[in-house]
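Derivation of every value follows stated rules applied to the coordinates shown; laboratory data play no part. These numbers were taken from a predicted model, which means no experiment stands behind them. Here the Cβ positions follow ideal geometry from the backbone for every residue, glycine too, while neighbour counts run over all protein chains shown.
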Amino acid sequence: MKRIVVVAAALVFSAGAVVAQQDQVKQAQAQMKDNGKNAGALAAMVKGEKPYDQATVNAALAQFEDTVKKFPTLFPESTKGLSPEGDYAASPKIWEDKAGFEAHVASFAKAVADAKGKIKDLDTLKAELPVIGKQCGGCHETYRIKKG
Ligand code: HEC
């Protein structure tokens, strides 16, 4: 009897841990979706679909900086192999090539910091957005998986 209780308790505990990990995976995805939204807002200005707006630029850069800060805890080892609903998942390479992933985070951080001081009008946005975009794409190429 005692043994059954212990086993049941262990099961409940590990189910709780899985839920926490799924939440973590969802949180990482939400952070990335916000990146996508902000990058989309900047691209709309570059394409002339929206007028240049410094507040939108500043908000996007602030959110990218927030992502940089969160990267070190966004993909804990416990979430390896888990995948959120949707089209994309984190590649196991994040954990298998940690140094490479951290190098991508660092170069993304640098691109965002550089852009922050430079983007003041449409011309400077046009010059800087591809620099940031290259960092997004560079990391995705190796560390993001397109499902299905
Ligand atoms: C250092 C690596 C890295 C950088 C830099 C990075 N991403 Fe990601 N991104 C990922 C990983 C890993 C995933 C897959 C995880 C996920 O989708 O939850 C992802 C997923 C995404 C997704 C898909 C979200 C979904 O599941 O629907 C979008 C959109 C996205 N990133 C946008 C961006 C944009 C825009 C930038 C640049 C401003 C950026 N990312 C920079 C690693 C990165």
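Numerical summary
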quantity	calculated
For the chain: relative contact order, % (alpha-carbon pairs under 8 angstrom, 6 or more apart)	27
Charge context of Ala115, other residues only, Cβ under 15 angstrom, K/R +1, D/E -1	0
Helix-derived mean residue ellipticity, 222 nm - over the chain, DSSP H n ≥ 4, -39500 (n - 2.57), to 500	-26500 deg cm²/dmol
Angle in degrees between helix 122-143 and the longest Cα principal axis of the chain, rounded to the nearest 10	30
Residues with amide H under 5 Å from that of Arg144, placed H, sequence gap 5 or more	Ser91
Pairs of alpha carbons in the stretch 108-148 whose separation is greater than 16 Å (percent)	42
Cα extents of the stretch 32-80 along the three principal axes, largest first (Å)	43, 17, 10
For the stretch 2-146, projected area of the alpha-carbon convex hull averaged over all directions, nm²	10.1
Rounded to whole Hz, the Karplus (6.51, -1.76, 1.60) HN-Hα couplings of the stretch 41-50, x for glycine and proline	5, 5, 5, 4, 5, 4, 7, x, 7, 9
For the stretch 45-64 versus the stretch 69-134, the gap between their alpha-carbon centres in whole angstrom	18
Packing-based ranking, highest mean first, of 105-112, 29-36, 16-23 given that Cβ atoms within 10 Å are counted	105-112, 29-36, 16-23
Net charge over other residues, Cβ less than 9 angstrom from the Cβ of Tyr143 (K, R count +1; D, E count -1)	0
